[in-house]
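Below is one structure, written out as structure tokens; the observations come after it.
The values are calculated or read from the model by the stated rules, or taken from the named source; none is laboratory data. Not measured: the values here are computed from a predicted model. Quick reminder, even Gly has a Cβ in these numbers, built from the backbone with ideal geometry, and neighbours come from all protein chains shown.
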Amino acid sequence: MNRSNHWHDRMQHRDQVAVDAIADWVSPIQWQWFATLTFPWNVRSETADRKFKQFINELERALKTRIGHLIGKEGSSKSGSPVPWHFHCCLTSLKPIPVSLLNESWGRLVGRTNAVTNDSLDVQPYNAGLHGVEYITKMIGTLDAEWDFNWLHLFNPAIEYTAKFDHRSLRGARRWEHQVALRTSRYQTSHLNSLGHLTLIA
């Protein structure tokens, strides 16, 4: 993720502009993790996409909330040589996402049943200084890479989103509003309790 290898500087100017614009667009989002997901076999592009979708669905079912994510799928190395399809992604949620859950879910999907030694997943706490978003989108101008995202508007209100008005979407929106309100209420209660504790000590 570090720019010390100058991958950003080697990009065409128009691609640099696009990558930096995406980074600015999502900069208010409090990402939890930067993850690299690989496969223990030479996976087809369609299969890779399906596995990642299942991965996110499993996380959302386990945590009972939405997982905001920005993802890049790559089929070539930085030097341009072909490599098996793999993913880089940023993940966030209203709830903490346990590393153990990430390991268990991805390991189960790719046949790595030992979560402790799952060599198909590398997870690091997100560090904005390492330019993870830019790294995900670094191959935006090539044919051997794709990028996508979902639920980012839930974590950055400045992102415009056209809401759907079908029953399922409205129900999901109400559920999300309830989760946000509950989280805010818990934070305020915790904050007041800490202030009261400080007052008593003083």
Exercise for the section: Answer yes or no as to whether Arg112 is touching a residue at least 40 places away in the same chain (Cβ under 8 Å), over 28 Å from Trp25 (Cβ atoms) and of a type in the set (Lys, Arg). Expected result: yes
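Please enumerate the residues belonging to region 1-42 that are aromatic (Phe, Trp, Tyr) and either farther than 30 Å from Val110 by Cα or modelled with pLDDT of 75 or more (or both).
Those that are aromatic (Phe, Trp, Tyr) and either farther than 30 Å from Val110 by Cα or modelled with pLDDT of 75 or more (or both): Trp25, Trp31, Trp33, Phe34, Phe39, Trp41.
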Completion exercise
Restricting region 121-150 to residues that are β-branched (Val, Ile, Thr) and at pLDDT 90 or above, the one farthest from the chain's Cα centre (by Cα) turns out to be Thr137
Exercise for the section: Among the numbered conditions (1) of a type outside the set (Lys, Arg); (2) surrounded by 17 or more Cβ atoms within 10 Å (Cβ to Cβ); (3) outside any strand (DSSP E or B); (4) more than 16 Å from the chain's Cα centre (by Cα), tell me where His8 comes up short. Expected result: (2)
